[in-house]
Amino acid sequence: MKEENTNIKTGLWITAFFDVLLIIFAGVLIYLVFSVKVPEARSLASDISTAKSLEKSTSEILQITENTKDSRAKLASFFVSKESIVSFIEELESLAKQANVVLTMDTPLEEKEAPLSRQASLRLNVKVNGQFSDVMYFVRLIENLPYKIFVDRVVLTSLSISTMVPLPLSKTVSKTSWAGSISFRLDSYINK
């Protein structure tokens, strides 16, 4: 019986030992869960919340972008860029035809406020020949373009042209023509 008691005591000690190990293991596991995994889970929940907020903001920005597409295109049409300078010059040529004047133009020059600035102006010097009213009409057409334009200088010079009228009249007729030199600055120019 002593042997049985010893076996029982040894079994109880072994059971108690494993129970203590189990309790320590459970305590360490609970500690790890609460000290490591819970903050990690909170961090992941915060990241998910931030991602959802960012997704919502992005979708709102995309919606605003889509809703303002036409307005932005219209706004862009009020500016001349390096890519659209050729169409601007063609527009000036078209206005010259509309005003019935002959147009010659110097190469446009960029004027920057600072060396690395994206804000720049475009200096244009044009010369026109035609009747006085046509030259003045051309100046008004330039001023009425949908761009921020400042006409700095307009110089008009009278030119007399003598022409011989064919027979039967055979007389010389003097006709007054005007030469205009116009210098203007295009401030709605984007240097990009």
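Please treat every number below as a calculation from the coordinates, not as lab data. Predicted, not measured: the structure shown is a model, and the values here were computed from it. All Cβ positions, even for glycine, are placed from backbone atoms using ideal geometry, and neighbour counts span all protein chains on display.
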Diffusion coefficient in µm²/s returned for region 32-85 by Stokes-Einstein, Kirkwood Rh over C-alpha pairs, 20 °C and 1.002 mPa s, is 144 µm²/s
If packing is taken as the average number of other Cβ atoms within 10 Å across a peptide's residues, how do 128-137, 62-71 rank, most packed first? 128-137, 62-71
Rounded to the nearest 10 degrees, the helix 2-32 long axis (Cα) sits at an angle to the longest Cα principal axis of the chain of 10 degrees
Dividing the Cα convex hull volume of region 1-67 by residue count, how many Å³ per residue is that? 55 Å³
Pairs to check: Lys74/Lys148; Lys112/Lys148; Lys74/Lys97. Give those whose C-alpha atoms are more than 24 Å from each other in this structure. Lys74/Lys97
What 222 nm value per residue comes from the helices of the chain, counting each DSSP H run with n ≥ 4 as -39,500 (n - 2.57) and dividing by all residues, nearest 500 deg cm²/dmol? -17000 deg cm²/dmol
Relative contact order of the chain: what whole-number percent is it, with Cα pairs under 8 angstrom and at least 6 residues apart? 20 percent
By how many degrees, 0 to 90 and rounded to 10, does the Cα axis of helix 85-99 deviate from the longest principal axis of the chain? 30 degrees
Which whole number in µm²/s is D for region 7-157 by Stokes-Einstein, with the Kirkwood Rh taken over Cα pairs at 10 °C and 1.306 mPa s? 68 µm²/s
Sum up the charges of everything whose Cβ sits under 13 Å from the Cβ of Leu156, counting Lys and Arg as +1 and Asp and Glu as -1, but leave Leu156 out. +1
